[in-house]
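First the structure, in the form of structure tokens, and then the observations on it.
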Amino acid sequence: MKNQLSQLKRHLLTGTSHMLPFVVAGGVLLALSVMLGGKGAVPQGVFLEGLWDMGIAGFTLFVPVLGGYIAYSIADRPALAPGMIGAYLANQVNAGFIGAIIVGFIAGYVVLQLKRIPLSNKLKAISTYFILPIGGTFIVSGLVIWVIGAPIAMAMEGMNTWLQGMAGTSKAFLGVILGGMTAFDMGGPINKVATLFAQTQVGTQPWLMGGVGVAICVPPLGMFLATLLSPKRYSDEEREAGKAAGIMGCIGITEGAIPFAASDPVRVIPSIVVGGIVGNVTAFLFGVLNHAPWGGLIVLPVVDGRIFYVVAIIAGSVTTALMVNFLKKPIADRQEEQAPTAASDDLDLSFD
């Protein structure tokens, strides 16, 4: 079991390492666009719109890259197309990066099974570039389009209806729900339901966006703070991603935390969810009003109760940072634990 979990983590980290440059490049360009525009919304003007489009392109591509390279790690080149195309289609039905991870693993193992089908020597020669990619893409994409897509759409509609019914409940309870949903999948379907619920009512109930605006930026700011407080728990690559996450958090781009959540979901996702809840509830309880359909520090000029808005962001970010660092072990300790496993794997190979 331990060896299997180690293999799964290796596949996940392969996808994450290839995805990271797309998130960082896209996030920083998007951040520059919003910061130079000076508004918590889509910037105007040829240059700023161009920067915005570049950033969106990075965020659009990182999802298929993540799914594709998870599949590649499992079944090599024939799995790359099924993983990327399947993850792209999953993103089209708003499955987000979590959908990309699931589809990446499905694609990898589907192609791995297809490889076991006996073929003649002539067919084997073309299987890598023709039979396996086409067969794998059809199976994986079919699952996404005909099996996964409809349930996700129904779930999103159901969650939106549920949130509409929750609008009259206590602020603290609604803050827990919205904060947790906003932070959970960082731009994925659950995040979109919560943020759209608040954004569409910003004109009449700006207190909703006051809390959600905090929860939007807590995940990346929390992970940025975590890498500063305990650098020994993070690789050089993760510390660099932390710097980019800090920039993205300031201008309200939740996706800045995705590289951390993708590589270590068991520890990171609960930590950012708890931080998002703390930040959202704090803003609700202090009556913060956010008049922009956006989050992060960039909307401060249009926030009523700015001090408490900042206090809520700090409270959520510190909660996330402390919790994730408590759950994570230093890299050196983790490597020592994995050393015996690696040694036993070498021993097994020598007897093959």
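Against the list (1) closer than 27 Å to Y109 by Cα; (2) open to solvent by 30 Å² or more (accessible area, probe 1.4 Å); (3) among the β-branched types (V, I, T), the condition T137 fails is (2). Checking each residue in the range 191-205 for being open to solvent by 20 Å² or more (accessible area, probe 1.4 Å) and either under 14 Å from N280 (Cβ atoms) or not aliphatic (A, V, I, L, M) (or both) picks out K192, Q199, T200, Q201, G203, T204, Q205. Sub-6 Å Cβ pairs linking a first residue in the range 223-238 that is within 14 Å of A261 (Cα to Cα) to a second residue that is of a type outside the set (G, A, S) and at pLDDT 95 or above, at least 6 apart or interchain, are A226/V324; A226/N325; Y234/T227, ordered by first then second residue. Candidates are the residues of the range 96-121 that are open to solvent by less than 60 Å² (accessible area, probe 1.4 Å) and aromatic (F, W, Y); the one that is farthest from K192 (Cα to Cα) is F105. Taking the condition in the same structural domain as A315 (by the TED database), hydroxyl-bearing (S, T, Y) and modelled with pLDDT of 90 or more, does T227 pass? In short, yes.
Considering every residue within the range 59-73, establish whether at least one is open to solvent by less than 40 Å² (accessible area, probe 1.4 Å) and closer than 30 Å to H291 by Cβ. So far as the range 59-73 goes, yes, one or more of its residues are open to solvent by less than 40 Å² (accessible area, probe 1.4 Å) and closer than 30 Å to H291 by Cβ. Is the range 160-176 home to any residue that is closer than 17 Å to A312 by Cα, out of contact with any Phe, Trp or Tyr (no Cβ under 9 Å at 6 or more places or on another chain) and touching a residue at least 24 places away in the same chain (Cβ under 8 Å)? Yes - at least one qualifying residue is present in the range 160-176.
Look at the range 1-19 and say how many of its residues are at pLDDT 85 or above and of a type in the set (A, V, I, L, M).
Going through the range 1-19 one residue at a time, the tally reaches 4.
Going by the structure shown, is V63 more than 15 Å from the chain's Cα centre (by Cα), in contact (Cβ under 8 Å) with a residue 12 or more places away in the chain and closer than 22 Å to T182 by Cα? No; evaluated as a whole, the condition is false for this residue. Looking only at the range 209-251, which residues are of a type in the set (S, T, Y) and not in a helix (DSSP H, G or I)? Once the filter is applied, which keeps residues that are of a type in the set (S, T, Y) and not in a helix (DSSP H, G or I), the range 209-251 yields S230, Y234, S235. Only one entry of H11, H18 meets the criterion of being in contact (Cβ under 8 Å) with a residue 40 or more places away in the chain, crowded, with 19+ Cβ neighbours inside 10 Å and out of contact with any strand residue (DSSP E or B) (no Cβ under 6 Å at 6 or more places or on another chain), and that entry is H11.
The single residue among L123, L48, L114, L89 that is out of contact with any Ser or Thr (no Cβ under 9 Å at 6 or more places or on another chain) and farther than 22 Å from V266 by Cα turns out to be L123.
Within the set V311, V318, V302, V266, the sole residue that is outside the structural domain of L13 (by the TED database), among the β-branched types (V, I, T), open to solvent by 50 Å² or more (accessible area, probe 1.4 Å) and under 15 Å from the mean Cα position of the chain (by Cα) turns out to be V266.
The values are calculated or read from the model by the stated rules, or taken from the named source; none is laboratory data. What you see is a predicted model; the values in this text were computed from it and never measured. Methodologically, a virtual Cβ is constructed for each residue, glycine included, from the backbone with ideal geometry; neighbour enumeration extends over all protein chains shown. Quick note on the areas: whole protein, heavy atoms, side chains included, nothing else; ligands and nucleic acids left out. Shrake-Rupley method; radii C 1.70, N 1.55, O 1.52, S 1.80 Å.
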